[in-house]
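Student: I have a structure here, written as structure tokens, and I will follow up with some questions on it.
The values are calculated or read from the model by the stated rules, or taken from the named source; none is laboratory data. What you are looking at is a predicted structure, and each value in this text was computed from that prediction instead of being measured. Glycine also receives a Cβ, built like all others from the backbone with ideal geometry; neighbour counts cover every protein chain displayed. SASA here: full protein model, heavy atoms, side chains in, ligands and nucleic acids out. Shrake-Rupley method; radii C 1.70, N 1.55, O 1.52, S 1.80 Å.
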Number of protein chains: 2
Amino acid sequence: MNIPQSSHPRIIIIGGGFGGISLAKKLAGQEVQVVLMDKHNYHTFQPLLYQVSTGGLEPDSIAYPIRKVLQGYDNFYFRLAEVNQIETDKRIVKTNIGDLKYDYLVVAVGTETNFFGNKTLQQNSMAMKTIPQALNLRSLILENFEQALLTDDYHEREALMNFVIVGGGPTGVELAGALAEIKKGILPKDYPDLDTRRAQINLVQGGDRLLPAMSEIASKKAEDFLEKLGVNVWKNIRVTGYDGRLVTTDTETSFETATLVWAAGVKAVSIKGLDAKNFVTRCNRLKINRFNQVEGFDNVFAIGDVAHMETEAFPNGHPMMAQPAIQQGRLLGKNLIRLIAGKQMEPFTYKDKGNMATIGRNKAVCDLPNFKFQGVFAWFVWMFVHLYFLIGFRNRVVVFINWVYNYIRFDREARLIIRPYKKEFKA
Amino acid sequence: MNIPQSSHPRIIIIGGGFGGISLAKKLAGQEVQVVLMDKHNYHTFQPLLYQVSTGGLEPDSIAYPIRKVLQGYDNFYFRLAEVNQIETDKRIVKTNIGDLKYDYLVVAVGTETNFFGNKTLQQNSMAMKTIPQALNLRSLILENFEQALLTDDYHEREALMNFVIVGGGPTGVELAGALAEIKKGILPKDYPDLDTRRAQINLVQGGDRLLPAMSEIASKKAEDFLEKLGVNVWKNIRVTGYDGRLVTTDTETSFETATLVWAAGVKAVSIKGLDAKNFVTRCNRLKINRFNQVEGFDNVFAIGDVAHMETEAFPNGHPMMAQPAIQQGRLLGKNLIRLIAGKQMEPFTYKDKGNMATIGRNKAVCDLPNFKFQGVFAWFVWMFVHLYFLIGFRNRVVVFINWVYNYIRFDREARLIIRPYKKEFKA
């Protein structure tokens, strides 16, 4: 892979998400060689993907070139690569661009959408975990309305204007809210010749409340906000299938729709060589100890969503969000240096900074460790926190400008079908 | 096509470029029904495509939703459609979404890249006339550098870092300048493990000067600026072929490159039913009279790049740029109303507002009707004019912010491979 030998130990980091980037930054200036691999040449700020899908933001402003993050660090290498396999006995990472030996390996590959083995569901649903997926969804939403204009078939038009979002976590809630705002603020102006009152946004949740990772009051308020925006919230319903037109569930409820967005589950990305072992827990996560070492290894680590660390406070592992990944990445940076120096590593303790979700303009819910609040103030806090964690000054400014503009004008100007998404719709 | 009948005459405009949009705006509030068709749902600001290709701007900020342009106009319809054929005898436009009768037809479809029938050239070259094409080029440029890192083959690496741009018009000049700035300002920081001094930017021009549509002094200065930036300028050389690796010319000069950008010619987009007639002139342009009527018709019009109007000042037709399209669109708006009212139409006279091109930071050339200047001031004028003509307040602000940021930081942060471009490179 054309990485020069170095007198320093080589740390390979797989994945340039929140965890991988935080770790890489901590290792800057240390006596190690760092090779960061990712299948994209950019870091994705996943919490704002739903705004790309709904035309509120351009993709480029929530992405950041990984090479730029590493600019100016000595002995740092980035490789655009897809990892095929790890050979832990030989300490080799095998990729589509060649093999590379490691001294220390950090797996930070994150998660992917989990369809729980349902093939037809997977084939016909839209996922929203990457920028290309978010752009496909953006195209499809807009194409649906263009197509709805053309048909004389009542049921086809209804299905084209009917959106089903499965999963009541933050992604589902935020997307449903954004679609409801588009229905209200943009559709009537853009499609005067379409009766856009018929557009329906359905949010389907398997459990008995939305945002199950948050407080009861946050769940309740989020549901209130969504209903005020005109979203149909369906609880205690599990989607069992979708053939491209009909959504079936485990109840008598069904939906006819051209668009099902699946936000009902994720699983850790699995890597050959680290998969069929006894250290893989539910959702494919890798079982790690308090030092982020994968069970059975002293030189293989996992951080972030892919890592399953059981602690007293989190017996089922940490929540799959940015904060645990960032905190683990930072600590592991220090711990690797300690380990290399033969010193004692420091065990990880998660510092809960809270949890939040936005539903629409002036509508968000925040659970801070000692303070729960909802509404306008929560919405401002949500925006501030997201701008703060977005990587890159330019990105922050551009996102901020877009938000101010969208807020004042009730608009989302990025409703562009740059690359049409070809979806077969059962007419 | 589900357009309601109206008591007013129906004007169909094909194409939402500068001409089509200007015309549509002029027709607002008049007693006509307007149907605007485009194969994209957005207007593209083509003069800035090269900045999308080179990571300086995001695509969304040089595109604008056509539906938003028409928001609030009565009796206006937009259709996302590809026109297949015109039947002038029946006054019907045939499209992929159905047929529609017109009373007046305006063709404003613009141009596409002209490979002059050279199939292998067309197959292996990159064009840059649309946003998807510009994004493909962005991906390819970045992929080339990633790939150059991996190869041990000297010649392959050279070819991957060698860029050949064919065509010394504004597109070629601006792209060459932008690539030279990337070579200087970004490559050494992003690719410390690659000897980026070996990157070559070649601009190949068939004629004996760059920017042939501009003044001699502008041509001379543009060439000076490019050479200062390290671009190799080749004049009086015509590219004859490109197999994906070797560029052949009509001289002994040849180039080995993984990337050939073809900016050496355009031709009007031809539409069946308006093609095989005697009114098609060179480059497929439709011959029109001073009222923009296509020869032989009183209800079929053409404006902008697709239209060939011979006048004393422009015996070979007007230059293919935004200004003639905008001016013709505006006048035709008035003329159509006059024609419908049985009044005399006003003949078109082009008001030359000048011509400009930018080469790099602080480097541009301007030919105004009475004043020619180059350098820093020209560069500021170029930026001001482009911001002014960009559609949409949000787009202007975002582009402005990006320019300020890129200027201060010598940076271009949108160097993202969002969708990899699959190009077979002859290794």
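Student: Once the Cβ-Cβ distance between A:PHE400 and B:GLU252 is put in as r, and R0 is 51 Å, what FRET efficiency do you end up with, to the nearest 0.05?
Tutor: Values: r = 55 Å, r/R0 = 1.08.
Computed FRET efficiency for A:PHE400 and B:GLU252 comes out at 0.40.
Student: Once you have the Cα-Cα distance between A:ARG197 and A:ILE340, take 0.36 nm times their residue separation minus that, and quote the gain in nm to one decimal. Before the final figure, lay out the partial values.
Tutor: Details: separation 143, 0.36 × 143 = 51.48 nm, distance 6.33 nm.
Length gained, A:ARG197 through A:ILE340: 45.2 nm.
Student: Mind checking the range B:184-268 for GluC sites (Glu not before Pro) that DSSP puts in a loop (not H, G, I, E or B) and that have at most 14 other Cβ atoms within 10 Å?
Tutor: Passing both the DSSP loop test and the Cβ count: B:GLU252.
Student: Right, something else. Residues of the range A:169-212 with accessible area at least 20 Å² lower in the all-protein-chain context than alone (1.4 Å probe)?
Tutor: With the partner chains in place, the range A:169-212 has these residues losing at least 20 Å²: A:LYS189, A:ASP190, A:ASP193.
Student: Using a 7 Å offset from Cα along Cα-Cβ at A:SER215, what residues in the range A:328-364 end up with backbone N under 11 Å from the label point?
Tutor: A:355
Student: At 1.4 Å probe size, with no ligands or nucleic acids counted, give the accessible surface of A:PHE18 in Å², nearest ten.
Tutor: Here the accessible area works out near 40 Å².
Student: Report, for A:ASP195, each distance to the same residue's label point in the other copies, shortest first and in nm; define the point 7 Å along Cα→Cβ.
Tutor: Label point to label point, same position, other copies: 7.2 nm.
Student: What is the extension gain from A:GLU312 to A:LYS119, computed as 0.36 nm multiplied by their sequence separation minus the C-alpha to C-alpha distance, in nm to one decimal?
Tutor: 65.8 nm
Student: Whenever you get a sec, compute what percent of the accessible area on the range A:1-70 sits on carbon and sulfur atoms (1.4 Å probe).
Tutor: On the way: 730 of 1760 Å².
Carbon and sulfur together cover 42 percent of it.
Student: If I model a spin label as a point 7 Å beyond the Cα along the Cα-Cβ vector, how far apart are those points for A:PHE410 and B:ASN96 in nm?
Tutor: 3.4 nm
Student: Treating only the Cβ atoms of Lys and Arg (+1) and Asp and Glu (-1) as charged, compute the dipole magnitude of chain A about its Cα centre; round to the nearest 20 debye.
Tutor: With only Lys, Arg, Asp and Glu charged at Cβ, the dipole is about 1060 debye.
Student: Between B:LYS351 and B:PHE380, what is the spin-label point distance in nm, taking each point 7 Å from the Cα along the Cα→C-beta axis?
Tutor: Here the modelled spin labels are 2.5 nm apart.
Student: What is the dipole size for the protein assembly as shown, taken about its Cα centre, with +1 at each Lys and Arg Cβ and -1 at each Asp and Glu Cβ, in debye to the nearest 20? Kindly include the intermediate steps, with their values, before the conclusion.
Tutor: Details: 104 positive and 86 negative charges, 238 e Å.
Using only the charged Cβ atoms, the result is roughly 1140 debye.
Student: A further question on this structure: May I ask you to compute the full-extension gain from A:GLU295 to A:GLN85, defined as 0.36 nm times their residue separation minus their alpha-carbon distance, rounded to one decimal in nm?
Tutor: Here the segment from A:GLU295 to A:GLN85 would lengthen by 73.8 nm.
Student: For the range B:130-135, what does the Karplus curve 6.51 cos²θ - 1.76 cosθ + 1.60, with θ = phi - 60°, yield as ³J(HN,Hα) per residue in whole Hz, taken in order and with x for Gly and Pro?
Tutor: For the range B:130-135, the Karplus curve yields 10, 5, x, 5, 5, 5 Hz.
Student: Please report the accessible area of B:SER61 (heavy atoms, 1.4 Å probe, ligands and nucleic acids excluded) in Å², nearest 10.
Tutor: Looks like 0 Å² after rounding.
Student: Between copies, how close do the B:LYS228 label points come, placed 7 Å along Cα→Cβ, listed in nm from shortest?
Tutor: The answer, with the shortest distance listed first, is 5.8 nm.
Student: Residues of the range A:9-44 losing 30 Å² or more of accessible surface, assembly versus chain alone, probe 1.4 Å, please list them.
Tutor: A:ASN41, A:TYR42
Student: With the full set of protein chains in place, find how many percent of the accessible area of the range A:119-264 is carbon and sulfur; take the probe as 1.4 Å.
Tutor: C and S atoms contribute 48 percent here.
Student: What are the trypsin sites (Lys or Arg not before Pro) within the range B:72-108 that DSSP puts in a loop, where the Cβ has at most 15 other Cβ atoms within 10 Å?
Tutor: Qualifying residues, ordered by number: B:LYS90.
Student: While we're looking at this one, here's another question. So what's the back-of-envelope 222 nm ellipticity for chain B, counting only DSSP H runs of four-plus at -39500 (n - 2.57) apiece and dividing by all residues, rounded to 500?
Tutor: Rounded to the nearest 500, it is -9500 deg cm²/dmol.
Student: What does the charge dipole of the range B:90-228 about its Cα centre add up to, to the nearest 20 debye, if the Cβ of each Lys and Arg holds +1 and the Cβ of each Asp and Glu holds -1?
Tutor: Using only the charged Cβ atoms, the result is roughly 700 debye.
Student: Work from the charge dipole of chain A (Cβ charges, +1 for Lys and Arg, -1 for Asp and Glu, about the Cα centre) and give the residue of A:LEU286, A:LEU150, A:LEU140 farthest towards its positive end.
Tutor: Towards the positive end, the residue furthest out is A:LEU286.
Student: Between B:GLY207 and the same site in the other copies, what are the distances in nm, shortest first, taking label points 7 Å from Cα along the C-beta direction?
Tutor: Inter-copy label distances (nm, one decimal, shortest first): 6.9.
Student: Compute the separation of the alpha-carbon centres of the range B:229-252 and the range A:234-264 and state it in Å as a whole number.
Tutor: 57 Å
Student: How about the range B:50-154: which chymotrypsin sites (Phe, Trp or Tyr not before Pro) there lie in a loop by DSSP and see at most 14 other Cβ atoms within 10 Å? Mind showing how you got there, number by number?
Tutor: Numbers: sites: B:TYR50, B:TYR73, B:PHE76, B:TYR77, B:PHE78, B:TYR102, B:TYR104, B:PHE115, B:PHE116, B:PHE145, B:TYR154; in loops: B:TYR73, B:TYR102, B:PHE115, B:PHE116.
Passing sites in the range B:50-154 are B:PHE116.
Student: With respect to the cross-link table entries B:LYS129/B:LYS351; A:LYS129/A:LYS272; B:LYS235/B:LYS363; B:LYS184/B:LYS363; B:LYS26/B:LYS272; A:LYS423/B:LYS422, which display a Cα-Cα separation exceeding 23 Å? Write out the running numbers ahead of the final one.
Tutor: Working: B:LYS129/B:LYS351 25 Å; A:LYS129/A:LYS272 21 Å; B:LYS235/B:LYS363 21 Å; B:LYS184/B:LYS363 15 Å; B:LYS26/B:LYS272 28 Å; A:LYS423/B:LYS422 21 Å.
Over 23 Å Cα-Cα: B:LYS129/B:LYS351; B:LYS26/B:LYS272.
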